[in-house]
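Working notes for the structure below.
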Amino acid sequence: MPNTSSHTSPLLILAPSDKEAALLVEHVGIPHIKHLRIADATGLRAALREPPWGGLLYLHGLYGLTASAALKIVQELEFDLPFIIITPPAEEKEAVQAMRAGAHDVVSLDRLDRLAPAVEREMREARHRTDHRAALDMLKESEARFRTLTDNLPDMVFHLHRNAEGHYRFLYLSTGCHRLFGIKQIEILASAKKFFDAIEPDDRHDLESHLAESAATQSPLDWKGRMRGRNRGKWIYLRSTPQQNNRGDITWQGIATDITRTQEIEEELRSSREQLSELSSHTETVREEERERIARDIHDEQGSILVRLKIEASLLIAKLPATLPLLREKALSIEKLLDQAMTTTSRIARELRPGILKEFGLAAAIESLAEDFSQHCHIVCRVQCDNNLDPDADTSLALFRIVQEALTNVAKHSGASLVFVRMKRL
C-alpha cells in the first residue's frame, strides 16, 4: 500500500513518553512537521490505518512493543514507511535484528545529529519507491491493454529483431501467430527459423531480400507471399517499419495478415478480365468477318447490279430519239443517280472492309478514309502520318477503326469546319 510523498507528512513516533518524542521531533529539524506518539501495538495498528505518514521513528525502551514487532506490523499492513530505530549505544542488538528484518536505519542516541539527514534520506527514498511502483503499475496496465488488443486481433502483431551479424529472432508475437501459422508462439520465439520455414522457398528468398532492402534503406517492409506445408495455398501480408540502434541492430514492429481471400478474389478478377478480353477479341473478330462478308456482297453483288444498270441506262439514252427531250432528260437523271449510288456503295464497302489497308498499309488507308470523309461530310480533313508506321494487321485495323469512329463523332457532334489527324510512333 502506498504512503505519503511530502516533507510535511506526519511522523509516527513510538516512544516511552511525550518528552522523549518531543526530543526526537526537535532533532529531526523539519519545520512544521506533525507527529503522533504511539506506545503499544494496538495504537500502532490504529494509527497506520489513517495515512498518510512520512515515516516511523522507534525509540528503544518501549515496553510491550519491540522494534521487530513494530516492524512486523508495518510489513503485515503493507506500508512502505521509512522505519528508523533510535537506540542507546549499549543496546544495539535488537536494532541489528530489526535491520536484518527490514528496518531502514539505526541512529544512536549519542549521535542524534544524524537523525534529520536519515529521515530526509529515507523519506526521499520512499517517495522514489512509490513513484517507481506507480510507474510499474502504469506499465503493467499499458502492457495488459496492449496484449488484450493484440490477442483479439485475427492478425499477428510481431516484433522482429536482426542483429549486426544478420541473425533473426522474434521479441514478441501475439496469439494470432497460432491462428495464422498453426505454430505456437513459444516455438517461433525460441527459433525464428520456424517462421521462415513456414513460407514457400521462392517467397522466403523474396522476403529475405525485402528485409535486407528495408534494413539498408530504412524503408517500410511491404511484402506478401505464400505459405507451405499444411498451410499451402494461404497468403500472408507483412507490413512494418524498421528501426536501427547505434549497434547496427534492426527491429521491425508490424503486423502479419491473412490475405488468402483477397488473393483469390484478385485471381478471379484477373481471370474474368482475361475471359472478357478473349470474348471482346472474339467478338471483334466476328464483327470484322461479318463486315468483310457484307462488304464483299455489296462490292460483288450490289456493285455488279449497279454497273449493269449503268450500262443499260447508257444504252437507253443512246437509243432515245431527239424528239423526246423530256424522256431523255429523265434517263440522264437516272444515270446520274446510278453514278451516285455506285460511289456511295464503293465508299460503304471501303468503310466496312478497307482493302487499301491490306494492300498499301495504315497511312494510305487513313488518307483514303479522310478523303471519303471530306467528300461525304463537306468538312476539310488533313492527315499527317509518319513514314515509320508499320503495325501488325490487327493493330492497323484497330487504329483504322479508332480514326473512323473519331471522324464519325466529329461529323455528328462537333460542327467543325476543319479536322486534323496526326499519327506518329512514340
With the 1.4 Å probe rolled over protein heavy atoms, region 95-135 has an accessible area per residue in Å² of 54
Find the accessible area per residue for region 142-244; the probe is 1.4 Å, ligands and nucleic acids are left out, and the unit is Å². 56
In whole Hz, what ³J(HN,Hα) sequence does region 251-260 give by Karplus (6.51, -1.76, 1.60; θ = phi - 60°), x for Gly and Pro? 10, 10, 10, x, 9, 10, 10, 7, 10, 4
P(r) over all Cα-Cα pairs of region 43-162, 5 Å bins from 0 to the longest distance, whole percent per bin, short to long, reads 2, 10, 16, 17, 15, 9, 6, 5, 6, 6, 4, 3, 2, 0
For a bin width of 5 Å, list the pair-distance distribution of region 70-128 built from all Cα-Cα distances, rounded to whole %. 4, 19, 26, 26, 18, 6, 1
For region 283-382, just the Cα set please: Rg and Dmax, both in angstrom. 17.6, 59
Per-residue HN-Hα couplings for region 315-331, Karplus 6.51 cos²θ - 1.76 cosθ + 1.60 at θ = phi - 60°, whole Hz, x for Gly and Pro? 5, 4, 5, 5, 8, 6, x, 5, 6, 10, x, 5, 5, 5, 4, 5, 5
If you roll a 1.4 Å probe over the heavy atoms of the protein chains, what accessible area per residue do you get for region 273-408, in Å²? 68
Indicate, rounded to the nearest 5 percent, the antiparallel portion of the DSSP beta bridges found entirely in the chain. 55
Compute, for THR175, the solvent-accessible surface of its heavy atoms (probe 1.4 Å) with the complete set of protein chains present, and express it in square angstrom to the nearest 10. 40
Is there a quick way to get the dipole size of the chain? I mean about its Cα centre, with the Cβ of Lys and Arg at +1 and of Asp and Glu at -1; what is the value in debye to the nearest 20? 520
Diffing region 121-132: the Karplus 3J(HN,Hα) column from phi (6.51, -1.76, 1.60, θ = phi - 60°), in whole Hz with x for Gly and Pro, holds 4, 5, 5, 5, 5, 5, 4, 4, 5, 5, 4, 5
Which percent of the accessible heavy-atom area of the chain goes to carbon and sulfur, probe 1.4 angstrom? 54
In the structure shown, do any of LYS336/LYS358; LYS193/LYS224; LYS336/LYS424; LYS72/LYS93 have a Cα-Cα gap over 29 Å, and if so which? LYS336/LYS358; LYS336/LYS424
With a ≥ b ≥ c from the Cα gyration tensor eigenvalues, square-rooted, and the rule rounded for a/c under 1.5, otherwise prolate when a/b > b/c and oblate otherwise, region 342-412 is prolate
Exposure rank, largest accessible area first [ILE259, ILE265; 1.4 Å]: ILE265, ILE259
By the C-alpha gyration tensor axes a ≥ b ≥ c (rounded if a/c is under 1.5, else prolate when a/b exceeds b/c, else oblate), the shape of region 384-425 is oblate
Along the charge dipole of region 227-314, which of ILE250, MET227, THR262 sits closest to the positive end, that is, farthest toward it, with unit charges on the beta carbon of Lys, Arg, Asp and Glu (+1, +1, -1, -1)? ILE250
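The values are calculated or read from the model by the stated rules, or taken from the named source; none is laboratory data. Quick caveat: nothing in here was measured; it's all calculated off a predicted structure. A quick note on method: Cβ atoms are made from the backbone with ideal geometry, for glycine too, and the neighbour counts reach across all protein chains shown. SASA here: full protein model, heavy atoms, side chains in, ligands and nucleic acids out. Shrake-Rupley method; radii C 1.70, N 1.55, O 1.52, S 1.80 Å.
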